[in-house]
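Written out below as structure tokens is the structure these notes cover.
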Amino acid sequence: MEAPAYIETFVTELGDGVRDFLAHQEFGLPVRGLVEGELMPSPFLTWKTPKSFGTAALTSVGADGGKALVARLPDLIRPSDLGELVNRGRKKGTVQVTDDKTTWSEERSNLGPATWYPDVAVEVGQALARRFIESLERITQRYLDARVATAVAEEAKTVQCLTDAPEPTDGVLTSAPIDVLTANALKAGLVKFDWPGYHLAYPTSVGNKQVARHVDFWVEPAQNGTYWVRVSSPADPLPEEVAVALFGDTAKTSRLAVVSPPLFGFGDASGLRPEAQARFADAGVDTTRTGDATAEGMKGPLADEIALAQSKVPAGSDKVGVLATLNESVTVLDSFATTGAVFGLGKDPTLGGVTTVRDRLVKKQTELATATEEAAAKWAGQVKDQRLILSQALDGFVSLVERFEGMTQKVKDATAKLGGFNLPPYVREAMHSAAAQYVDVVATSFFPATAQPKLRAADLANRLLPVTILEGTMAAIQRTVDDALAEKRKKDSDHASYDTEGMRKREVELRARLGAIKVRLIENPLSVGDELAELQAEIVDLQTEAEIVANMDQLDVAWQALDDSYSVWFSSYATTIKIRNLKMLGDIFHAEWKGIFNLWKKGDKASRDLAKSQLDTLRAKPALAWYFGKLRETVKSAQTEILIGKIVAMLVITVVTMGVGEFVAGWVGADLAAGAALSGRALLAVGGAEALTMTALSQLVLDTDHSAGHVAWEFATNFAMFSALRKFSAFAELRKLGLIGTASGQFVLLEAMGLAKDEIAKYARTGKHLTMEEIGQITVQSLVMFVALNGVGRLAQPILKGVRGSGIKFGTARAAANRAAGSVKAMNKALMGSKDLNKALEYIKAERAWVELKIKAYDQLEIDAKAEAEAARQSGKKVKGGLLEQAGMTSLEDVANMKAALGEHIARMDAAKTVLTLRPLGGRVFGTPRARIGEVLDQLGASKNPVTTDGWSTVRTYEAKSPDGKKITIIEELDQYDRWMVKVQKSLDGTELAKWEETTGRNTPKEVYDRYSGDTDLAVRTVKEDVREAAVGSWESEGGRTAHEGAGTAHEGAGTAHEGAGVGPAGGTFANVIASAGVDTNVTVGSRGGWRGSGDPPQWPNPKSTKAYGHVESTHGPRLKARHFQGRIASTGNDQGQWSGPHWVEAEGRTPQHPGRYIVEMGRAIGRVYRANAEIVEGVTRAFVQRNPDGSINSTYPVTNDFVL
Amino acid sequence: MPVDELHFRIGPRWTRETFAVPDDPLGELSDLEMGLLRYAVEENAEVTVAVGEDEWRVLLFPDISALVLQLAPIAQDLERGVPVELSLPESQLVISFGAGDAAMVRHFGGRVAESPHTVDRSQVAGELRRFQHDVLGRAASDRYVDQADVAEFLARSGA
């Protein structure tokens, strides 16, 4: 029976079942939280009667069950599909499929028996509950605002303070059909509102009457079946107001796929109000087509405007910062692409791809690098938000991939591993679906606000994976139990003892409980606690039992088939004997099996352990394998062969299930995929069956690090008010990577989180909403506070004062430790109350040195004390008033304990240092301040040669390895002083740059910034003047004719060279590849593409790097005299180019990252060309570049416009 | 079309332009690379590249010094029959070897000229290896590079 007929047949059961499911769910009342963009339960709103919401919402529209509710379901659960949910909840139909050689059963997901399965109502109820949760997230705040507005108006009218706020008199703005039910229920008096408390917390709040304002708009050109309107009034249109203007109903807001006020886009124009339809017709827009508004918006002419409108520009933004952030995004995206390889990202078209996003990012980098400061800086909000989306998507994706890898780690076959083909389809599909959702988030990230809900959905899918896997297990149980029930059994037969009806009841009850847990996981993960693990244990028990019963049934069927075969087909005496013997043997196995089952049914641990052991023995019996093999050989019936295969598979599965606790990630799947189910290899070989049940999976997901530690951590830091502390959860990655010790890292993070929580609570009491930026600051400050509070420097006292008579070594070590104590004490004191990250790091460094000296002193004490004890032993005299006693200790163990405590302290402070210097940017990508990069790389034991250098922002990216060999990417982070330095440097040519480095190289960026008071122009002017003074006259003696070409405005030469401030790579010009030849696009190498040569990569973009840029300075450098070129011309007859500065660095950056020859248009004067005819062409703007296969530059020089390849 | 042979010949010292020895301030180059550069600059000479009857004159520095360490993989590609280029960008010269026996010498830049040739790829590969050994051997005998470094490089690069 197909889903529509099923729904019609069981409409009453379905409607009532969904109603009953909802009636058991408790919903929250989330409002705007402490953190901007986050929701949290309101402390001022509570349900008068818990669990009353669902029923009230349904009743408010007369849909309180049965047909009335089912009729409304398609609208209420959208975008979920009712038919699909029904099919998911019921047993699937099967069909026999044959390919001439083999016959097997396949499930038909759109078909199922005409039997009512209560699980269907649970499945639909879950979906409806999820929509109600989403609806409450939209509506509760509006309801609160409306109720406040009503209360304020009432108080003004009655001139008295109310103790109880009346329900809102006006409507509450709805955004979807289900919102109508939600608003009805909220307004029906179910919610207790602590109006006095609210009024006290928010005395100036007057609420909001929730009236949709009139909207004026004009129609933008349509793009491939997508429609766009630009709102001219009001200035801050709500999407609900636009929905009214277009479709006549706020409940149709979800039809607006792109919301970027004043622009709104949608992909289906059906149902437009006549007035709106007329506007589109007037604009000549055909509204009959449909399309994907997000995708089209991103491709179309409005893309930049939409993207910019979705973010706010942070204060203090600048162009270098924008370029650095774009560089971070590219790095994070590359990490995403690498991470996704295990899912087949880049190869599997159903997963989507990220190359388009990368291309767009790189294009935007190039565009903004050559844009004005102002034009580039206005992108600061968008690039920051996009980077955040990408980082969060990477975080989720990494956790998903780790789960996936855990489940496939033992699979040897690369294809099976890549596709996860060892996993049951429902697991594979759930993971694939979550992965595709993350890829979609990335694909949409250019529109950060549009990507945000997609990210939430992907994270939710990821979070719900354990439940999804258990749902799959439940579906398997449902089928097994249903099959068992379907067999006709007499009441007084053995099968009555199987209690299949009891199992069915348990299955229904467990499925309902799992559904309820899923609803709570969506809304309030913390409330689930250990319930999921407990439920999982019950599900595993039931599955084991069900499969044993099913196997018994199957064995009976097989033996019955054997009897039938005997009577129908086999008449020869020999065959009859064979069959009879097999039947006898089968009876023995059957009896053995039944004994095991009875033991299992007893339920106590001892019986079950015995049952498992006996089953292991049975399975391992060679005779069993022989029996099935012989049976198949003798009974040459296809039907019987299928049955044998099924029995064998079920037998092996049961073994697997019973031993679930012993399995680790991937083991079961790997072995099954490899065709050898643990030690049941012989059975599978005989049965030729595929075993698909994977009970262990749920265990794997719930019981590995992913759940117990990681997920608990995630939950603890992710929910409600503690969502503010989510920042810390990213640091957990450091712990996972082994970059900080497990115990010390946890200690640091939990302590710092506690401090941050207290700090955040202070804000909470003021009613202030914190931005994520502020949360980030609090996070860092709490870590600084942790260092100050946990620093032992403040307690510093001279140690081991009372020890006399020890050796010189001890005395020296003690003196050194005690000398260091004073300064550490002062530093610790200064750190108290400070929020300065650098001070904290300096303190950690000093404290570590001090503590190490202390450990050395104790080491020496230990040595001396041992020597003293040995001397006493040899002399036979007891030591009185010895070294240990002088030190106030009773034994060497005390010394060891002291050293251990000091070591633990160092480990904690090291962890704090790592957390303070590594900012998680997603997955295994971290940022670290430019000033700290050296020590961070030292700490990680990483090479100081960057793997890439971003030519635009000068940001370098490095790679390190975690202790367990995982690749870690470290990106330099630029603070405001670093960015200012880059800005100045970008305004200088090579000679000026050298002068700048000469005058500032020994100062910190802040010192240089302060020297010029942050005045870029002043800094540039000063250095140019310095250079000009030094250079006058150097060229005039060279002679030769001059000519000008190219950009024409920049004239370079002796004494007259001038490049305005700001001219440079970032100075407003644009480069193109004019021509190329001999290009090998299969190889990607260069400053941004990687290194394939010998040894470490070159030091891009240092112009002095001979390894990177070859001999360019010797042969075409700015310091060469004219005679050099004239000599070469005389010999070769070729024109010769000379750089006016180290622009070859930029030329390399603008050249494609593939080996080959290129002519690159630099868009500004880069040097001169000495012609063979003695002419000198000044101000040329093009460069010839030849890149070697290893990525380095073979040769590069300025060329004239007539130079061809 | 007759089969042309490729030959490299080291000619007289080049004295018309004195190049400064390229510096390696960042210490990135190996001793072999740096020594070879010093040899090429200080003992700079004309090098004749001949394909059949056509000849071009290039320099030990900067042309050959940038190419000489790459000759072994180019020779290997020639022997594998894959298309490969021998490029002397400072002299704006590139010799392209197609998949078969065809070769094209192209002078690019301000004046463009092309001359097609038929070559024996194994002869070309052999000549590249011989020339590489010749240059490295000269640099070693003049003590610009260490003989052991040369031997190790040749062994590693499959030359």
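Quick one: of A:91/A:518; A:364/A:384; A:187/A:252, which pairs are farther than 18 Å apart, Cα to Cα? Mind dumping the intermediate values first?
Values: A:91/A:518 20 Å; A:364/A:384 13 Å; A:187/A:252 21 Å.
In this structure, A:91/A:518; A:187/A:252 lie more than 18 Å apart at Cα.
Express in % the proportion of alpha carbon pairs of segment B:33-92 at distances exceeding 19 Å. Of all Cα-Cα distances in segment B:33-92, 38 percent exceed 19 Å. For segment A:1117-1128, the Karplus equation 6.51 cos²θ - 1.76 cosθ + 1.60, evaluated at θ = phi - 60°, returns couplings of x, x, 8, 6, 8, 4, 5, 4, 6, 4, x, 5 Hz by residue, with Gly and Pro reported as x.
Modelled this way, with points 7 Å down the Cα-to-C-beta line, the labels at residue A:935 and residue A:534 are 5.0 nm from one another.
Rounded to the nearest whole Hz, the Karplus-based 3J(HN,Hα) values (6.51 cos²θ - 1.76 cosθ + 1.60, θ = phi - 60°) of segment A:187-202 follow the sequence 7, 7, x, 7, 9, 8, 10, 7, 4, x, x, 4, 4, 5, 6, 10, with x at glycine and proline.
Can you put A:24, A:214 in order of Cβ neighbours within 10 angstrom, beginning with the fewest? Could the numbers behind the result be given before it?
On the way: A:24 15, A:214 9.
Taking fewest neighbouring Cβ atoms as first place, the list is A:214, A:24.
Report the one residue of A:235, A:191, A:214 whose Cα lies farthest in the direction of the positive end of the charge dipole of segment A:178-242 (charges on C-beta: Lys and Arg +1, Asp and Glu -1; origin at the Cα centre). Of the options given, the answer is A:191. The gain in end-to-end length when the residue A:633 to residue A:804 segment is fully stretched comes to 52.4 nm, 0.36 nm per residue minus the alpha carbon separation.
Here segment B:6-157 is assigned +1 on the Cβ of each Lys and Arg and -1 on the Cβ of each Asp and Glu. Its dipole about the Cα centre then comes out at about 300 debye.
Could you state the angle between the C-alpha long axis of helix B:31-42 and the longest principal axis of the C-alpha atoms of chain B, as a value from 0 to 90 degrees rounded to the nearest 10? Computed tilt is about 80 degrees.
Rounded to the nearest whole Hz, the Karplus-based 3J(HN,Hα) values (6.51 cos²θ - 1.76 cosθ + 1.60, θ = phi - 60°) of segment B:124-141 follow the sequence 4, 4, x, 5, 4, 5, 4, 5, 4, 4, 4, 5, 5, x, 5, 4, 6, 5, with x at glycine and proline.
Can you give the local net charge around residue A:221? Use residues other than it whose beta-carbon is closer than 12 angstrom to its beta-carbon, Lys and Arg +1, Asp and Glu -1. Before the final figure, lay out the partial values.
On the way: positive: A:230; negative: A:220, A:286, A:296.
Computed value for this residue: -2.
For the pair residue A:891 and residue A:849, a Förster radius of 22 Å applied to the C-beta separation gives a FRET efficiency near 0.15, rounded to the nearest 0.05.
Residues whose amide H falls under 5 Å from that of residue A:1141, counting only those 5 or more places apart or on a different chain, are A:990, with hydrogens built in the peptide plane.
Test of understanding: ordering A:442, A:792, B:41 by Cβ neighbours within 10 Å, fewest first, what list do you get? Could the numbers behind the result be given before it?
Values: A:442 30, A:792 17, B:41 21.
Ordered by Cβ neighbours within 10 Å, fewest first: A:792, B:41, A:442.
Proximity of backbone amide H atoms, modeled 1.01 Å from N, is registered between residue A:1182 and A:1162, A:1199 at under 5 Å, excluding neighbours fewer than 5 places apart on the same chain.
When the Cα positions of B:26, B:60, B:125 are compared along the charge dipole of segment B:6-157, B:125 comes out farthest toward the positive end, with charges on each C-beta of Lys, Arg, Asp and Glu. Here the label points at residue A:315 and residue A:626, each 7 Å from Cα along the C-beta direction, are separated by 8.7 nm in the simple model. From least to most packed, judged by other beta carbons within 10 angstrom and beginning with the fewest, B:77, A:170 follow the order A:170, B:77.
Using the structure shown, list the pairs from A:1006/A:1121; A:801/A:866; A:966/A:1006; A:51/A:157 with a Cα-Cα distance above 27 Å, or answer none.
Values: A:1006/A:1121 38 Å; A:801/A:866 19 Å; A:966/A:1006 35 Å; A:51/A:157 35 Å.
Violating the 27 Å Cα-Cα cut-off are A:1006/A:1121; A:966/A:1006; A:51/A:157.
Relative to a virtual label point 7 Å from the Cα of residue A:362 in the Cα→beta-carbon direction, which members of segment A:1122-1163 show backbone nitrogen distances below 11 Å? From segment A:1122-1163, the list is A:1151-1154.
Near residue A:238, within a Cβ-to-Cβ distance under 12 Å, what is the net charge of the other residues, with Lys and Arg +1 and Asp and Glu -1? Charge balance near residue A:238 sits at 0. You can think of it this way: the chain between residue A:289 and residue A:997 has 248.8 nm of extra reach, that is 0.36 nm per residue less the Cα-Cα gap.
For residue A:1094, the amide hydrogen comes within under 5 Å of no other amide hydrogen, counting only partners 5 or more places away or on other chains and with H modelled in the peptide plane.
Values quoted throughout were computed directly from the atomic coordinates according to the rules given, and no laboratory measurement underlies them. In this text the structure is predicted, and so the values were computed from the model without any measurement. FYI the Cβ positions are ideal-geometry reconstructions off the backbone, even for glycines, and counts take in every protein chain you see.
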